Amino acid sequence: MSAIGELRTLRRTGRGRLSPAQKEAEAKERRRDSRAALVFLAPWLVGLFGITVGPVLASLYLAFTDYNLLQDPNFVGLENVQRMLGDERLGRSLAATLTYVVVSVPIQLVVALALAYLLDRGIRGLAFYRSVLYLPSLLGASVAIAVLWRLVFGGEGLVNAFLGLFGITGPAWVAEPETALGTLIVLHVWTFGAPMVIFLAGLRQIPRQYYDAAATDGANRWQQLRSITLPLLSPIIFFNLVLGLIGTFQSFTQAYIVSNGSGGPTDSTLFFSLYLYQEGFAGFRMGYASALAWLLLLIIGAFTALNFWASKYWVFYDD
Amino acid sequence: MERPARRTVLVGSALTLVLGLAGCGIAPDPADAELSDGEVTLSITWWGADARHQATLDAIELFEKEHPRITVEPTYSDWSGYWDRLATTAAAADMPDVVQFDQLYLSSYAGRGALLDLDAVPQFLDASSLPENVLASGTVDGRLYAVPIGVAGNGVVLNTSLFEKYGVPVPDTDTWTWDDFDAAAEAISEASGGEAYGVSPFGWESFSLGIFARQRGDELFDAEGDVAIDPDTLAAYWQQELDWIESGAAPDAAHLSEQQGLPLDQGDTVLGRTAMSFQPGGLFTAIAAAAPDFDYEIVDWPTDPGTPPGFQYPKPSMYWAASSQSEHPAEAALLIDFLVNDPEVAQAFGTERGIPANEQFQADLEPTLDEAGRKALTFTEQVTDRSGNAPPITPNGASEVDTMLSRYNQRVQFGDLTPEQAADAFIEELRSAVEAAG
Amino acid sequence: MTTETLATPDPTIDPAAEPGDRPLTVTQRRRRPRILAHVGLILVAVVMLYPLLWMVTSSLRPNDQIFTHPGLFVDTFDLSHYPDGWNALSKPFGSYLLNSVVVVLGSVVGNLVSCSMAAYAFARLKFRAKTVAFAAMLLTIMLPVHVLIIPQYVLFAQLGWINTYLPLIVPKLLATDAFFVFLMVQFVRGIPRELDEAARIDGAGHARIFLQVILPLMVPALATTTIFTFIWTWNDFFSQLIFVTDPDLYTVPVALRQFIDAQSQSDFGALFAMSVVSLVPVFLVFLFGQRFLLRGIATTGGK
């Protein structure tokens, strides 16, 4: 607690009024920094302008066309936006995606953080547990997962066999419109390996001295968690939250493999990316798909901006 | 200062990318096609699993032996990855020269100028070995764009082992009516006590819908490429499914929804959970091979006294087509000609791509076939004999017809829509997709 | 909001100790929550391991039993899927593994170098338009790949890169994976500034600070990047399918799909057998790589 307090004061006092000489020195440093930044960012800049920007702008242009993959795109103004307004499937797809994101991202983060915290405490067999917990993430979204998911959550799957022991007849989880999305949320939470590993790396980066100092002050573990671990881990929590949101909004593969690409039953798992994929590649309406993609970008962008704004209040940077 | 310049560069680079899209290229006139004198490299692509890859690679080798100047570069993948890759390469005017096609997508590509007009290269490609009404299924707007490889009707696959196991007599399938069919299906469900079902209903793919419509003198699409089906036909198609679920002949909606779109190996037919299902004949040998413990038969659909004859037709299971952007249209046509006419290729392919459309090859293959292959061949011959005119193929813009059907089917199954509501909504959505494609 | 759920058994307050209990020794008191933690972890581990075990057992079953058996019990051990699967495709499976290794190694090196450089700039340097640049970087990963793939294909085709591994590797060399840039930024920002300052007072420039101070301290982040890049590239199907069309150059995920096709007879036993084989390198990398996750600031000495 006190260690953090000290650092905070240090940071605040560092920003006093500057003398002209200090200003001059700062300007010099700025120039030096700018030159260095150009060098350090050189690969990224080349990538941005050489590889990334072209396709991004091309997709923006196509969003205002009737591009069908095989013929010249024709500029159609806001026709695609107009179409969105009356698009029933788009509404269903947005609802499914938002539910998925809002439910699965927080759960996955909490599970990942709790397990990382548990594993960080030098428990016996740490390496074994860490590997085992990471395994589902290794499997990726393979064909095996699709098969397996039906065997587990199907009408005659393992879950229902288990429920049957208690005399409960469960539904065909993957096949009912009411529960199919739920199984995908379980699937997502189950692959918590990636955020967990990132949390672990973050926990490992917290200097032990802080804990020692806190222990001297008589703080118990709970207090240490709240006043040292969480604040110092907050940049990493923030990272996992932001990237979790960006990634989950774009979820595609899991729904694609589990529903055989349909987003069914009855569009209940029609993720946004899956819908625009169907429009673009199965329906040859790539212009509309591009417009959808930019709508998605606006949504994710808004969520991310909100996150960055809120981060001022809870993310602690040690610099 | 350097900002405007940078902006120009950006817009410029995006524009180059847009200009690189296929539509902006100008396809050479196929009528001028001639064989080039030098070495030629052709690319060919198909979807399938391992067995097909091997057979096709063997056929390519035969072709290269006969045409030493031509090198053929193959590429292949599974079904879903195939169409993603094909669309991407076609969009970038980089489509392989020779392409395996499905009738769902044929008009969507041909109607937008992506495919080579094969009628314009008769000196290199002779498709006359194929029956007229089979070739008709490869034409778009009166021009031949794709040569059918294999053909089959849509049949009822019976798992006779299940009939035997549950003590239900196999109906006389030469004369059976829909009532006979229903009775047999209900008997199986009842006798098995829930272990198996009498029928896996149709409801979610356009082939069975087409046959169902033709039994009622209706068609899904008309010759102009418009949606022609009567909403009553479509409603009856789904009502039939609901009736089977209701009577216990078919499993419940959740079970069916779980089955929809599953790979063949995981479906109820192969796993012995259903006694009768509606299947494209081309899948029969694969079904039989995947379930060696069961005996299967493939037979024609039941009929009623008023059913018009000729509702069946040999539908191409897949095609060969060529890219309109090909730099070597003559050689591409030559390769297709070889693949459809060479007897050695026919031997290499066997029935893996369905019963060959070429009737001479059917006869050649017969002695080499196993039992399942022979049954599939007999069924195809029977379909060909009873065949009416081939229906118009899936028009430009309707490539999603199967996924659309499947979506509305689920809404009907789960009671979200009545068959009548679903029929109207389906027809409206399909029609607007077709119209949007122009 | 997450803090409540994080509460783990506190060794100093034992909830299980009831008033009438015999007083526990210190070690006993500490051990009980530990055992609880182990029990919990083992339970979770079983759920986690199940799919992998199922995949392994499926690879040992005859094809017609795979889809009827969700359990893990195998009555007939059939190893034949392994040699069959290995040799079933037009090349031995080892050659696809090798192709994947090439792509993966290129990507790992690319991400490590380019992302750590960019991260240093964003975390430690002051320059004009930094916020805009950072926002631009994040924006580029918000567009779904399916609308970018066609322009990308056109671009790579114009560069003549189709059917090579360049479209898969070069972007990684150019820090286009914003995920890792952002990850490293967060880690660099967690390194106390005083360490840079100390080095700067010793006369070190940015290059030296980056190489000698920051990089050694961000080993956990680098290890994370390595592991994730390896695994994600190893499993990435779509871009490898689109950009590489020559079957001899196919990578593992594309090759695996050759065993199956929804419309024809598939060889799922071979698919699972080769999936298990292709997991081995990933698992080894994880096992090896995770040691470096532990080398945080605490173990490298700090200040």
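Per-structure values
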item: Leading residue by the ranking (most open to solvent (accessible area, probe 1.4 Å)) among those in the range A:230-253 that are β-branched (Val, Ile, Thr) and at pLDDT 90 or above; result: A:Ile237
item: Looking only at the range C:139-160, and only at residues there that are hydrophobic (A, V, I, L, M, F, W, C) and open to solvent by 50 Å² or more (accessible area, probe 1.4 Å), the one that is nearest to the other protein chains (Cβ to nearest Cβ); result: C:Leu139
item: Which listed residue is modelled with pLDDT under 90 and touching a Pro at 6+ places or on another chain (Cβ under 9 Å), from B:Gly261, B:Gly354; result: B:Gly354
item: Residue among A:Asp87, A:Asp72, A:Asp66, A:Asp120 that alone is more than 10 Å from every other protein chain (Cβ to nearest Cβ) and among the acidic types (Asp, Glu); result: A:Asp87
item: Residue list for the range B:80-93, restricted to those being in contact (Cβ under 8 Å) with a residue 24 or more places away in the chain and touching a Gly at 6+ places or on another chain (Cβ under 8 Å); result: B:Ala92, B:Ala93
item: Considering residues of the range C:57-69 that are crowded, with 17+ Cβ neighbours inside 10 Å and assigned to a helix (DSSP H, G or I) only, the residue nearest to the other protein chains (Cβ to nearest Cβ); result: C:Phe67
item: Complete set of residues in the range A:300-317 that are part of a helix (DSSP H, G or I) and either touching a residue at least 24 places away in the same chain (Cβ under 8 Å) or surrounded by 11 or more Cβ atoms within 10 Å (Cβ to Cβ) (or both); result: A:Ile300, A:Gly301, A:Phe303, A:Thr304, A:Ala305, A:Leu306, A:Asn307, A:Phe308, A:Ala310, A:Ser311, A:Trp314
item: The lone exception for A:Leu148 - which of (1) within 7 Å of chain C (Cβ to nearest Cβ); (2) closer than 16 Å to A:Thr183 by Cα; (3) open to solvent by 30 Å² or more (accessible area, probe 1.4 Å) it fails; result: (3)
item: So A:Gly193, is it modelled with pLDDT under 85, open to solvent by less than 30 Å² (accessible area, probe 1.4 Å) and among the small types (Gly, Ala, Ser); result: no
item: Looking only at the range A:22-47, and only at residues there that are aliphatic (A, V, I, L, M), assigned to a helix (DSSP H, G or I) and within 7 Å of another protein chain (Cβ to nearest Cβ), the one that is farthest from A:Arg285 (Cα to Cα); result: A:Ala36
item: Top-ranked residue in the range A:210-229 [being facing chain C (nearest Cβ under 7 Å) and open to solvent by 30 Å² or more (accessible area, probe 1.4 Å); ranked as modelled with the highest pLDDT]; result: A:Arg226
item: Any hit, the range B:354-362, residues being open to solvent by 30 Å² or more (accessible area, probe 1.4 Å), farther than 30 Å from B:Asp293 by Cα and within 14 Å of chain A (Cβ to nearest Cβ); result: no
item: Single residue of the range C:115-138 satisfying the filter (without any contact (Cβ under 8 Å) to a residue 40 or more places away in the chain, among the hydrophobic types (A, V, I, L, M, F, W, C) and assigned to a loop (DSSP other than H, G, I, E, B)) that is surrounded by the most Cβ atoms within 10 Å (Cβ to Cβ); result: C:Phe127
item: Identity of the residue in the range A:24-40, of a type in the set (A, V, I, L, M) and surrounded by fewer than 13 Cβ atoms within 10 Å (Cβ to Cβ), that ends up nearest to the chain's Cα centre (by Cα); result: A:Ala27
item: Selection within the range B:152-172 - touching a Phe, Trp or Tyr at 6+ places or on another chain (Cβ under 9 Å) and open to solvent by less than 40 Å² (accessible area, probe 1.4 Å); result: B:Ala152, B:Gly153, B:Asn154, B:Gly155, B:Val156, B:Val157, B:Leu158, B:Asn159, B:Thr160, B:Ser161, B:Leu162, B:Pro171
item: Helices (runs of 4 or more DSSP H) wholly inside the range B:214-322 containing at least 3 residues that are out of contact with any strand residue (DSSP E or B) (no Cβ under 7 Å at 6 or more places or on another chain); result: B:231-247, B:253-259, B:284-290
item: Residue check, B:Thr88 more than 19 Å from the chain's Cα centre (by Cα), under 20 Å from C:Tyr250 (Cβ atoms) and not in a helix (DSSP H, G or I); result: no
item: Selection from the range C:81-114 of residues that are part of a loop (DSSP other than H, G, I, E, B) and open to solvent by 60 Å² or more (accessible area, probe 1.4 Å); result: C:Lys91, C:Pro92
item: Hits in the range B:110-168 - residues which are in a helix (DSSP H, G or I) and assigned by TED's automatic domain parsing to the domain that holds B:Phe284; result: B:Thr160, B:Ser161, B:Leu162, B:Phe163, B:Glu164, B:Lys165
item: Criterion (loosely packed, with under 15 Cβ neighbours inside 10 Å, of a type in the set (Lys, Arg) and at pLDDT below 60) met by exactly one of C:Arg34, C:Arg30; result: C:Arg30
item: A:Tyr256 vs. criteria modelled with pLDDT under 95, at the interface with another protein chain (Cβ under 7 Å from one of its Cβ atoms) and open to solvent by 20 Å² or more (accessible area, probe 1.4 Å); result: no
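The values are calculated or read from the model by the stated rules, or taken from the named source; none is laboratory data. None of the values given here were measured: they were computed from a predicted structure. Positions of Cβ are generated from backbone atoms using ideal geometry, with glycine treated the same way; all protein chains shown enter the neighbour counts. These accessible areas exclude ligands, DNA and RNA; they are computed on the full protein's heavy atoms, side chains included. Shrake-Rupley method; radii C 1.70, N 1.55, O 1.52, S 1.80 Å.
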